[in-house]
Amino acid sequence: MTRYAVLLRGINVGRAHRIPMADLRELLTAEGHAGVATLLQSGNVVLDSDRPAGELAPSVEQALERRFGFAVPVVVRTRDELLAVVAKDPLGSVATDPSRYVVSFSNAPVPAEVQERLAAVDPEDDVYTVDGRELYLWCPHGQLQSPLSAALAKTAGPVGTARNWATVLKLADLLQR
């Protein structure tokens with residue numbers, strides 16, 4: 001079995017797309033996964049599965065839609081992949097607040113078009129870097145004030161979901177248990 005971080009996008013934000021974490025754990029256990037644990041209320045799951053990473057995300061998406069009646073994009077990282085994100089920590093020398101240091105996890109490499117759009121923006125105090133399927137973003141004034149975050153919101157790209165650095169570290173800890 002492989003240990004995975006399963007990241008659900010856009011659940012439990014406002015009143016739409018509500019999924020109780022107990023129901024999510026029950027569903028994923030019923031789907032045959034072991035060691036299912038959730039972190040916070042925003043769709044952070046760790047679990048053990050026999051499925052390869054490429055099959056896990058679509059199978060979880062299908063199970064969620066069957067059970068809850070709406071589509072939920074899912075991004076998956078193996079334990080080793082998520083621990084590598086933490087080890088790289090490419091903005092650790094500038095990021096002083098883990099709640100304003102964000103990693104966007106995508107299902108595919110960040111496309112050149114996204115990188116070009118970000119490069120065309122005056123970042124003010126923001127800093128970013130791209131590494132394969134991850135985009136690291138330091139927003140010292142918060143994501144709502146970030147010109148780079150605003151540019152990303154207007155950019156089509158692969159399915160992705162963002163987590164702040166504090167959550168990434170907590171996920172890494174859960175994956176190692």
*Over region 71-150, consider all pairs of different Cα atoms and compute the Kirkwood hydrodynamic radius from their mean reciprocal separation; express it in Å, one decimal.*
13.4
_How much accessible area per residue does the chain have, counting only protein heavy atoms and a probe of 1.4 Å, in square angstrom?_
49
*Given the C-alpha centroids of region 18-96 and region 147-169, what is the distance between them in whole angstrom?*
16
*Express the C-alpha Rg of region 21-177 as a ratio against the empirical globular expectation 2.2 N^0.38 Å, rounded to two decimals.*
1.08
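Count charges around Val72 for me, please; just the other residues with Cβ under 13 Å from its Cβ, Lys/Arg as +1, Asp/Glu as -1. Can you show the working numbers first?
On the way: positive: Arg9, Arg18, Arg66, Arg67; negative: Asp23, Glu61, Glu65.
That works out to +1.
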*Looking at Val168, Val114, Gly10, which one has the Cα that reaches farthest to the positive end of the dipole of the chain (charges on Cβ: Lys, Arg +1; Asp, Glu -1)?*
Gly10
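Once the other residues with Cβ under 14 Å from the Cβ of Val121 are scored (Lys, Arg +1; Asp, Glu -1), what is the net sum? Spell out each step's value before the answer.
Working: positive: Arg117, Lys154; negative: Glu113, Glu116, Asp122, Glu124, Asp125, Asp126.
Net local charge, Val121 excluded: -4.
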*Of Ser104, Thr129, Ala150, which is farthest along the charge dipole of region 70-151 in the positive direction, counting Lys and Arg as +1 and Asp and Glu as -1 at C-beta?*
Ser104
_Checking the a/c ratio against 1.5 first, then a/b against b/c, what shape does the Cα gyration tensor give for region 1-99?_
oblate
*What is the dipole size for region 1-103, taken about its Cα centre, with +1 at each Lys and Arg Cβ and -1 at each Asp and Glu Cβ, in debye to the nearest 20?*
280
*asked:* Once you keep just the Cα pairs under 8 angstrom separated by 6 or more residues, what percentage relative contact order results for the chain?
replied: 25
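The values are calculated or read from the model by the stated rules, or taken from the named source; none is laboratory data. Worth saying up front: this structure is predicted, and the values here are computed from it rather than measured. As a convention, Cβ positions derive from the backbone with ideal geometry for all residues, glycine included, and neighbour counts pool all protein chains shown. Only protein heavy atoms, including side chains, enter the accessible area calculation; ligands, DNA and RNA are left aside. Shrake-Rupley method; radii C 1.70, N 1.55, O 1.52, S 1.80 Å.
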